[in-house]
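Input: a single structure, listed below in structure tokens.
The values are calculated or read from the model by the stated rules, or taken from the named source; none is laboratory data. These numbers were taken from a predicted model, which means no experiment stands behind them. Cβ coordinates were reconstructed from backbone atoms using ideal geometry, including for glycine residues, and neighbour counts include every protein chain displayed. The accessibility values were calculated without ligands, DNA or RNA, using every heavy atom of the protein model including side chains. Shrake-Rupley method; radii C 1.70, N 1.55, O 1.52, S 1.80 Å.
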Amino acid sequence: MAEFIVAIELGSSKITGIAGRKNLDGSISVQAVAQEDSASCIRKGVVYNIDKTVQALASIIKKLETSLHSKIAHVYVGVGGQSIQSVKNTNVRELPPDGVVTQDMINSLMDANRSMQYPDKLILDAITQEYKVDNQFQLDPVGIQCQRIEGNFLNVLWRKAFYRSLKKCFDQANIAVLDMYLSPLALADSVLTDTERRSGCVLVDLGADTSTVCLYYKGIVRHLAVIPLGGNNVTKDIAYLQMEDRTAESMKLKYASAFTEDGDIDKNATYPIDAARSVPVSLFNEIVEARVQEIIENVWCQIPGEYTDKLLGGIILTGGGSNMKNIEAAFRYYTHVDKIRVAKFVNETIKSSNAIVNAKDGRLCTALGILAKGDQNCAGGELTGDLFGTVKQTVTPQTEEPKPKPQSDGNGRVINPKDADLEPKQKEPETKKSDAHDEDEEPKEPTKPTWLQRTFRKLKKFGNDMVRPDEEEG
């Protein structure tokens, strides 16, 4: 039986499905990748057109199954987008004199946090940050004597409407979801190092419609936020130069620079829009840099003030937007953080012959991170259908039996052995029909002869009477 893991990421520009197998050496072999455009069904990372999302998901599963030659029983799904937000919560327990923290107390704090109610929102994940035992912070307080314990949690919320829409999409597409992961956390586990998480860092995923900010300090997630700004905002600004979005996207990928020194700009240079038009380089750069500055400043506003001077691990950029020219210089200029790193690929060892995977441009980091989190086989039965949906039946070899001798029905007709082997119940209708036919052919009452027939019979009788005396004399 085939063994593989399937992960699906619902991005604002593309829905990505990826299947791979974990090897004994810790590496991952990517076996299939399928993508569908999601611009018409997902906005800001949130499903808004259920029918088109269902069609895209069904198409991805079909493509993966065709490549894998196997059915997919269930999948892992990564969720993110503008619907995600984090909220801090604190629960406190008072202990009697000489009291000792027990595991039951810790479980009680966690249960109380999980039972928190938020208007129109659900707790997607509850992250334990640390426990404050009297006046000291501890990660594992069990067994410590104290009079007061305080549990600090970071609850990641998402809208109930988003959950219902997402569940409806997978139900209508007949896709069983094995588990859902927070895409930003799965991404962080795959692109950040342990040193960066301990020393303090900010992971920024620059997507198409959104930018996700994830803050780590002392190895713990301290803040998670999603801002509704991304690469598509840059494209739309360029399109205001009276061009189609497709042309604007092409020009962004080819010419856009996130940051350019004033002395490096040729004021007489132009970029071609089409055969008849062009745009000055200075104007083009001004448009791009203004939007990039807005995105960076909104990202930086998400960092709590208590951590801005503790980011020894720096800022790590990933996602499709991290491919823009001079993006590191732009973040360094506007955030005043010197340590900037662009994560083009995940830390796991990936083996693949797929060009999309081997491009290592940051676009598949989240999908690969979700794939790395999966730990159960997602394979179903062997795929027996061809591309046209017909089922191939496996023929079981049988021992050859002696052929029956031809039989005759008594009228010179040879009976086909196949017909002779038919079950009686299949021949019964014919037998009954034959009997019924015979019954219908019983002698009927003769009809009255016409005058011509009567005259002919009399002449025949007269002739016989004339001949019979001669025969008797002879």
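Among the residues in segment 115-129, are any surrounded by 13 or more Cβ atoms within 10 Å (Cβ to Cβ) and in contact with an Asp or Glu (Cβ under 9 Å, 6 or more places away or on another chain)? So far as segment 115-129 goes, no, none of its residues is surrounded by 13 or more Cβ atoms within 10 Å (Cβ to Cβ) and in contact with an Asp or Glu (Cβ under 9 Å, 6 or more places away or on another chain).
Among residues of segment 320-338 that are closer than 17 Å to V213 by Cα and part of a helix (DSSP H, G or I), those with a Cβ under 7 angstrom from a residue that is among the basic types (K, R) and open to solvent by 70 Å² or more (accessible area, probe 1.4 Å), sequence gap 6+ or separate chain, pair up as G320/R363. Highlighted here would be strands (runs of 3 or more DSSP E) found entirely within segment 184-258 that include at least 1 residues which are free of Cβ contacts under 8 Å to residues at least 60 places away in the same chain, within 23 Å of the chain's Cα centre (by Cα) and surrounded by fewer than 17 Cβ atoms within 10 Å (Cβ to Cβ), but there are none. In segment 329-341, of all residues being open to solvent by less than 30 Å² (accessible area, probe 1.4 Å) and of a type in the set (A, V, I, L, M, F, W, C), the one that is farthest from I303 (Cα to Cα) corresponds to A330.
Determine which member of the set G151, G207 is touching a Ser or Thr at 6+ places or on another chain (Cβ under 8 Å), of a type outside the set (A, V, I, L, M) and within 30 Å of D338 (Cβ to Cβ). Reasoning before the result, please.
Values: G151 fails: within 30 Å of D338 (Cβ to Cβ).
That would be G207, the only listed residue that is touching a Ser or Thr at 6+ places or on another chain (Cβ under 8 Å), of a type outside the set (A, V, I, L, M) and within 30 Å of D338 (Cβ to Cβ).
D111 meets each of the listed conditions (1) farther than 30 Å from G319 by Cα; (2) open to solvent by 30 Å² or more (accessible area, probe 1.4 Å); (3) part of a helix (DSSP H, G or I); (4) in contact with a Ser or Thr (Cβ under 9 Å, 6 or more places away or on another chain) apart from (4). Of the residues making up segment 70-91, those that are within 19 Å of Y118 (Cα to Cα) and open to solvent by 50 Å² or more (accessible area, probe 1.4 Å) number 4.
One residue is enough: does segment 50-58 have a residue meeting the conditions open to solvent by 40 Å² or more (accessible area, probe 1.4 Å), assigned to a helix (DSSP H, G or I) and within 25 Å of D375 (Cα to Cα)? Yes, that holds for at least one residue.
Looking at E306, E297, E286, just one residue is farther than 30 Å from C214 by Cβ, open to solvent by 60 Å² or more (accessible area, probe 1.4 Å) and in a helix (DSSP H, G or I), and that residue is E286. Looking at N377, N347, N354, N326, just one residue is farther than 30 Å from C301 by Cβ, surrounded by fewer than 19 Cβ atoms within 10 Å (Cβ to Cβ) and out of contact with any Asp or Glu (no Cβ under 6 Å at 6 or more places or on another chain), and that residue is N354. Restricting A2, A19, A7 to residues that are part of a loop (DSSP other than H, G, I, E, B) and farther than 30 Å from E130 by Cβ narrows the list to A2.
Run A173 past the list (1) out of contact with any strand residue (DSSP E or B) (no Cβ under 8 Å at 6 or more places or on another chain); (2) of a type outside the set (D, E, K, R); (3) within 22 Å of Y217 (Cβ to Cβ); (4) surrounded by 14 or more Cβ atoms within 10 Å (Cβ to Cβ) and report the number of the one that doesn't hold. Result: A173 fails condition (3) only. Count of segment 160-183 residues, restricted to those that are of a type in the set (A, V, I, L, M, F, W, C) and either part of a loop (DSSP other than H, G, I, E, B) or under 21 Å from G362 (Cβ atoms) (or both), is 4. Consider only pairs whose beta carbons are under 7 Å apart and that are at least six residues apart or on different chains; among these, list those whose first residue lies in segment 100-120 and is closer than 22 Å to K160 by Cβ and whose second residue is outside any helix (DSSP H, G or I) and open to solvent by 70 Å² or more (accessible area, probe 1.4 Å). Going by the 7 Å Cβ cut-off, the qualifying pairs are D120/R159.
Of the set (1) open to solvent by 80 Å² or more (accessible area, probe 1.4 Å); (2) within 20 Å of the chain's Cα centre (by Cα), all apply to G369 but (1). Take the conditions surrounded by fewer than 22 Cβ atoms within 10 Å (Cβ to Cβ), of a type in the set (A, V, I, L, M) and touching a residue at least 60 places away in the same chain (Cβ under 8 Å) and apply them to I265. Does it pass? No. When we screen D245, D189 for residues that are acidic (D, E), under 21 Å from A343 (Cα atoms) and out of contact with any Phe, Trp or Tyr (no Cβ under 7 Å at 6 or more places or on another chain), the only hit is D189.
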